[in-house]
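Shown next, in structure tokens, is the structure this report addresses.
The values are calculated or read from the model by the stated rules, or taken from the named source; none is laboratory data. Computed from a predicted structure; not experimentally measured. Every residue, glycine among them, receives a Cβ derived from its backbone with ideal geometry; neighbour counts consider all protein chains shown.
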Amino acid sequence: MALLNELAKKKEGLVNGHRLCPGCTHSVIMRQVLAAADTDKYEIVAAAATGCFEVSTGLYPYTSWNMSWIHNAFENAASTISGVEAMYKVWKKKGKTNKDIRFIAVASDGGTYDIGLQALSGAIERGHQFLYVCNDNNAYQNTGNQRSSATPFGANTTTSPNGTIKHGKEQPKKDIMSVLEGHHMQYIAQASPSNWRDLMDKVKKALDVNGPTYINVIEPCTTGWGFPAQDAIKIAQLAVDTCVWPIYEVVEGKVIINYKPKNKLPVEDYLKPQKRFAHLFKKGNEHLIEEYQKQVDRHWEWLLKREEAGIGY
């Protein structure tokens, strides 16, 4: 309760008046992220890639950002924030500023897993100090729910439709966390807005690392996924409790699982409330749900074994 009272008194980095869909968790996530930052010690500068979140919070001449932020193209949030961070270091060296500033890049899965991966990989390899937050809503939702490499197996999108021959996306979701592990970062994590304290703790850790960090956050999309607006956080928690979206962090290569469901739910509990998976429950498609369950179980068991081994870089 004391923490909630403290958070309620903090200056909001993202305020009302945005035009996000009712029930959209973009604003929920970013309010949690910005509230976690210790703004008594440092300032925050953010770069937001073009997408649902940027379009809805920065429609000129209005903005819901109550802080310094930069709108950049769909694919270059990491490039933008690394350039600003490099300039800041030069200014500090030349004595042009004595401010302590931390940098955050924000993008969704299309601008992270796909067209922004090159920029993100390059910024990480160069060692810029920033936190990259990916709000993963599983598709290119801003342009009409087209599949991305973050779209899960079996999901119906406008470019991976359910039909008589194919039943949604045929490929499994890209494991972006493993891709980023190949960069030997000090800290990467996966989180959910339903587990807000865990997300905020991870943001605090990430912002204190002297180097690039990354947090992958599930961002249920009422429009693209097809569920009632009031159920967004419930859907996020179902993803966690079915282990579709494990809550964990990788600290210098060592896996630490932050939440282990006491009663791991079957994936169909997560799939059934969403219209994008409705076709999986039609007669004759049972094998698709079984395949989805196998993919989730394999990944969860792999994470458990890695945590037990306790091996880092």
**Complete:** Within the range 11-37, the count of residues that are surrounded by 15 or more Cβ atoms within 10 Å (Cβ to Cβ), touching a helix residue (DSSP H, G or I) at 6+ places or on another chain (Cβ under 6 Å) and either charged (D, E, K, R) or part of a helix (DSSP H, G or I) (or both) comes to 5
**Message:** If I ask for residues that are assigned to a loop (DSSP other than H, G, I, E, B) and not polar (S, T, N, Q), which ones from the range 178-187 would you list?
**Reply:** G182, H183, H184, M185
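Here's a check for you: in the range 265-313, which residue that is among the charged types (D, E, K, R) and in contact with a helix residue (DSSP H, G or I) (Cβ under 9 Å, 6 or more places away or on another chain) is farthest from T151 (Cα to Cα)? Give the steps one after another, and end with the answer.
Just the residues of the range 265-313 that are among the charged types (D, E, K, R), to begin with: 268-269, 272, 275-276, 282-283, 286, 290-291, 294, 297-298, 301, 305-308.
Subset that is in contact with a helix residue (DSSP H, G or I) (Cβ under 9 Å, 6 or more places away or on another chain): 268-269, 272, 275-276, 286.
Working: E268: 17, D269: 18, K272: 16, K275: 14, R276: 11, E286: 20 Å.
Step by step, filter the range 265-313, then rank; the result is E286.
I'd like the residue in the range 277-290 that is assigned to a loop (DSSP other than H, G, I, E, B) and either out of contact with any His (no Cβ under 7 Å at 6 or more places or on another chain) or at positive phi (or both) and, out of all such residues, is surrounded by the fewest Cβ atoms within 10 Å (Cβ to Cβ). Working first, answer last.
As a first pass, look at the range 277-290 and keep what is assigned to a loop (DSSP other than H, G, I, E, B): 282-285.
Subsequent filtering for residues that are either out of contact with any His (no Cβ under 7 Å at 6 or more places or on another chain) or at positive phi (or both) retains 282-284.
Values: K282: 11, K283: 5, G284: 7.
Once the filter is applied, the top-ranked residue is K283.
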**Message:** On the basis of being at negative phi, among the small types (G, A, S) and surrounded by 13 or more Cβ atoms within 10 Å (Cβ to Cβ), does S160 make the cut?
**Reply:** yes
**Request:** Select from the range 284-313 the residues that are of a type in the set (D, E) and without any contact (Cβ under 8 Å) to a residue 60 or more places away in the chain and list them in ascending order.
**Result:** E286, E290, D297, E301, E307, E308
**Request:** Considering (1) surrounded by fewer than 21 Cβ atoms within 10 Å (Cβ to Cβ); (2) out of contact with any helix residue (DSSP H, G or I) (no Cβ under 6 Å at 6 or more places or on another chain); (3) at pLDDT 95 or above, say which one L180 fails and leave the rest.
**Result:** (1)
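Take the residues of the range 142-177 that are of a type in the set (K, R) and assigned to a loop (DSSP other than H, G, I, E, B): which is modelled with the lowest pLDDT? Spell out how you get there, then give the answer.
Step one: filter the range 142-177 for residues of a type in the set (K, R), giving 147, 166, 169, 173-174.
Add one more test, that the residue is assigned to a loop (DSSP other than H, G, I, E, B), and what stays is 166, 169, 173-174.
Numbers: K166: 92, K169: 98, K173: 98, K174: 98.
Of everything passing the filter in the range 142-177, K166 is modelled with the lowest pLDDT.
Could you identify the single residue in L14, L20 that is hydrophobic (A, V, I, L, M, F, W, C), closer than 17 Å to F103 by Cβ and modelled with pLDDT under 95? Spell out how you get there, then give the answer.
Numbers: L20 fails: closer than 17 Å to F103 by Cβ.
Result of the check over L14, L20: L14.
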**Prompt:** Do you know which residues across the range 42-73 are at pLDDT below 95 and among the charged types (D, E, K, R)?
**Reply:** E54
**Prompt:** Mind checking which residues of the range 265-313 are among the basic types (K, R) and within 24 Å of E181 (Cβ to Cβ)?
**Reply:** K294, R298, K305, R306
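Rundown of residues vs (1) surrounded by 19 or more Cβ atoms within 10 Å (Cβ to Cβ); (2) acidic (D, E), yes/no style:
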| residue | (1), (2) |
| --- | --- |
| A78 | yes, no |
| M87 | no, no |
| K93 | no, no |
| I101 | no, no |
| D109 | yes, yes |
| G122 | no, no |
| Y132 | yes, no |
**Request:** Could you list, in sequence order, all residues of the range 182-237 that are over 23 Å from N145 (Cα atoms) and of a type in the set (F, W, Y)?
**Result:** Y187, W196, Y214
**Request:** Enumerate the pairs (first residue in the range 212-226 and within 9 Å of C24 (Cα to Cα); second residue anywhere and part of a loop (DSSP other than H, G, I, E, B)) with beta-carbon separation below 6 Å, excluding pairs fewer than 6 apart on the same chain, so at least 6 apart or on different chains.
**Result:** E219/T25; E219/N137; P220/T25; C221/N137; C221/Q141; T222/C21; T222/G23; T223/C21
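Scan the range 51-62 residue by residue and report those that are more than 15 Å from the chain's Cα centre (by Cα) and buried (at least 17 other Cβ atoms within 10 Å of the Cβ).
Across the range 51-62, the qualifying residues are S56, T57, G58.
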